[in-house]
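Below is one structure, written out as structure tokens; comments come after it.
The values are calculated or read from the model by the stated rules, or taken from the named source; none is laboratory data. Small disclaimer: the values here were computed from a predicted structure and weren't measured. In this analysis, Cβ positions are derived from the backbone assuming ideal geometry, glycine residues included, and neighbour counts consider all displayed protein chains. Ligands, DNA and RNA are stripped out before the accessible areas are found, and what is left, the full protein with its side chains, is counted by its heavy atoms. Shrake-Rupley method; radii C 1.70, N 1.55, O 1.52, S 1.80 Å.
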Amino acid sequence: MGGFRVEETHGILLREENETLASSSALGWRSVFTSVQREKPFEDAYKALPDHLIILHLDGYVRVDRWLGISRDSRMIAPGGTFMVPGGVDFRVRLNDPLSTAHFYIRRAVLEEVAQDLYKGDPDRLEFLPRIGEADPLIERLILSLRDEIQAPNAFGETLVDYTARLIGARLIRNHSANEAKVRLEVAAPSDLQRKIARVTEFVQSQLHRSLQLEDMAGVLDLSVSQLSALFRKGLGQPPHRFLLNLRVARARELLATSDLPIAEIALACGFSHQEHMTRMFRREIGITPAAYRRSIS
């Protein structure tokens, strides 16, 4: 397989009105394509591709209309919501408001490879489900880790990308296919690694208003900071400080969308040291300032 380039996607990213902020197109990644962009309202129809598409909403709420054949679905999609189109499916879509997104394509060959390990039946008969609006926190975290990689590539990037692609492929097979009952039962049982990450996540979410240190997070599991870092890199493909920042920005996004609190108060409630700190991090992660984000959803 050659590098997965933007020209092999549906072409949403090539629309003149859309602004691509970062893309893996020139990085030579073979198993996936990932990009981050600011999209403007549009409506268009797209022919089927062999590869599976996931669009992760980085802000919102926005209304999206989708047609699959004669079937139409319309949803208000929240930040963290997804829009999934399986390979082999034609679709039409209408985006009604400006939106920041991460687009993720996974090669059909990668899904087939993962299915050989997880699926008891014929992988060619595995039927993936289209989604509109559903959130999948694991897929969200994994796509965000790829977003970080395209924004700051490193020498080990493609190895990490290949592992991440297979994790997402396993999740799609287990949670987003019509054949879940045939997936081997051991896949459904949470691993010790997943349980540990869930415990840290629950602790962090309950203490997000505090100035948390990595030692605090490690203490939940009686680990050293280096052991915690190894656990997060293995389980999520990102270090704990990046995970913590993602949760802070997600909470800020939620409060900006659902409350009238001043931005300075939201910054403190989300554990940022001050408003300017939150603005800097928010702009780096989402692409716009908190004030602009609030205006975009009002």
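Counting just the residues of the stretch 251-275 that are in contact (Cβ under 8 Å) with a residue 60 or more places away in the chain and of a type in the set (D, E, K, R), which one comes out farthest from H241 (Cα to Cα)? Step through it out loud before you land on a result.
Pass one, the stretch 251-275, residues in contact (Cβ under 8 Å) with a residue 60 or more places away in the chain: 253-254, 257, 269-271, 273.
Next, only the ones that are of a type in the set (D, E, K, R) stay: 253-254.
Details: R253: 18, E254: 20 Å.
The qualifying residue farthest from H241 (Cα to Cα) is E254.
Tell me, which residue of the stretch 59-109 that is of a type in the set (S, T, Y) and within 20 Å of the chain's Cα centre (by Cα) is surrounded by the fewest Cβ atoms within 10 Å (Cβ to Cβ)?
Taking the stretch 59-109 as the starting set, the residues that turn out to be of a type in the set (S, T, Y) are 61, 71, 74, 82, 100-101, 105.
Okay, now just the ones that are also within 20 Å of the chain's Cα centre (by Cα), so 61, 82, 100-101, 105.
Working: Y61: 17, T82: 23, S100: 23, T101: 23, Y105: 26.
If we take residues in the stretch 59-109 being of a type in the set (S, T, Y) and within 20 Å of the chain's Cα centre (by Cα), then Y61 is surrounded by the fewest Cβ atoms within 10 Å (Cβ to Cβ).
Working only within the stretch 254-283, note down all residues that are of a type outside the set (A, V, I, L, M) and under 23 Å from I77 (Cβ atoms). Quick ask: steps written out before the conclusion?
Of the residues in the stretch 254-283, the ones of a type outside the set (A, V, I, L, M) are 254, 258-260, 262, 265, 270-277, 279-280, 282-283.
Passing the criteria: E254, T258, S259, D260, C270, F282, R283.
Restricting the stretch 46-58 to residues that are of a type outside the set (S, T, Y) and over 16 Å from the mean Cα position of the chain (by Cα), which is surrounded by the most Cβ atoms within 10 Å (Cβ to Cβ)? Let's see the steps before the verdict.
At the first step, the residues of the stretch 46-58 found to be of a type outside the set (S, T, Y) are 47-58.
The next check asks that each one be over 16 Å from the mean Cα position of the chain (by Cα); those that pass are 47-51.
Details: K47: 9, A48: 13, L49: 19, P50: 13, D51: 22.
The residue in question is D51.
What's the total number of residues in the stretch 279-298 that are open to solvent by 50 Å² or more (accessible area, probe 1.4 Å) and either aliphatic (A, V, I, L, M) or in contact with an Asp or Glu (Cβ under 6 Å, 6 or more places away or on another chain) (or both)? Walk me through it before giving the result.
Step one: filter the stretch 279-298 for residues open to solvent by 50 Å² or more (accessible area, probe 1.4 Å), giving 280, 283-284, 294-295, 298.
This time we only want the ones that are either aliphatic (A, V, I, L, M) or in contact with an Asp or Glu (Cβ under 6 Å, 6 or more places away or on another chain) (or both), so: none.
The qualifying residues number 0.
Would you point out the residue of the stretch 26-45, among those that are open to solvent by less than 20 Å² (accessible area, probe 1.4 Å) and not hydrophobic (A, V, I, L, M, F, W, C), that is farthest from G80 (Cα to Cα)?
Going through the qualifying residues, I end up with S31.
Please verify whether the stretch 276-288 includes one or more residues that are more than 26 Å from M217 (Cβ to Cβ) and touching a residue at least 40 places away in the same chain (Cβ under 8 Å). Let's see the steps before the verdict.
Residues of the stretch 276-288 more than 26 Å from M217 (Cβ to Cβ): 287-288.
Next, from what is left, pick out any that are touching a residue at least 40 places away in the same chain (Cβ under 8 Å): 287-288.
Scanning the stretch 276-288 turns up at least one residue that is more than 26 Å from M217 (Cβ to Cβ) and touching a residue at least 40 places away in the same chain (Cβ under 8 Å).
Can you tell me which residue within the stretch 242-278, out of those that are in a loop (DSSP other than H, G, I, E, B) and open to solvent by less than 40 Å² (accessible area, probe 1.4 Å), is modelled with the lowest pLDDT?
Initial filter on the stretch 242-278 (in a loop (DSSP other than H, G, I, E, B)): 259-262, 270-274.
Keeping just the survivors that are open to solvent by less than 40 Å² (accessible area, probe 1.4 Å) gives 259, 270-272.
Working: S259: 89, C270: 93, G271: 92, F272: 92.
Applying the filter and picking the extreme gives S259.
Restricted to the stretch 168-184, and to residues that are over 15 Å from E112 (Cβ atoms) and at pLDDT 90 or above, which residue is surrounded by the fewest Cβ atoms within 10 Å (Cβ to Cβ)?
We begin by selecting, within the stretch 168-184, every residue over 15 Å from E112 (Cβ atoms); these are 171, 174-176, 178, 180-182, 184.
Okay, now just the ones that are also at pLDDT 90 or above, so 171, 176.
On the way: R171: 16, H176: 21.
Among residues in the stretch 168-184 that are over 15 Å from E112 (Cβ atoms) and at pLDDT 90 or above, the one surrounded by the fewest Cβ atoms within 10 Å (Cβ to Cβ) is R171.
Is it the case, given these coordinates, that F128 is touching a helix residue (DSSP H, G or I) at 6+ places or on another chain (Cβ under 8 Å) and in contact (Cβ under 8 Å) with a residue 12 or more places away in the chain?
Working: touching a helix residue (DSSP H, G or I) at 6+ places or on another chain (Cβ under 8 Å): yes; in contact (Cβ under 8 Å) with a residue 12 or more places away in the chain: yes.
Considered against the rule, which asks whether it is touching a helix residue (DSSP H, G or I) at 6+ places or on another chain (Cβ under 8 Å) and in contact (Cβ under 8 Å) with a residue 12 or more places away in the chain, F128 comes out as yes.
For L118, state whether it is more than 30 Å from E17 (Cα to Cα), buried (at least 16 other Cβ atoms within 10 Å of the Cβ), more than 18 Å from the chain's Cα centre (by Cα) and at pLDDT below 90.
Criteria met by L118.
If Q194 satisfies every condition in (1) closer than 22 Å to F272 by Cα; (2) touching a residue at least 12 places away in the same chain (Cβ under 8 Å); (3) open to solvent by 50 Å² or more (accessible area, probe 1.4 Å) but one, which is the exception?
Of (1) closer than 22 Å to F272 by Cα; (2) touching a residue at least 12 places away in the same chain (Cβ under 8 Å); (3) open to solvent by 50 Å² or more (accessible area, probe 1.4 Å), only one is false for Q194: (1).
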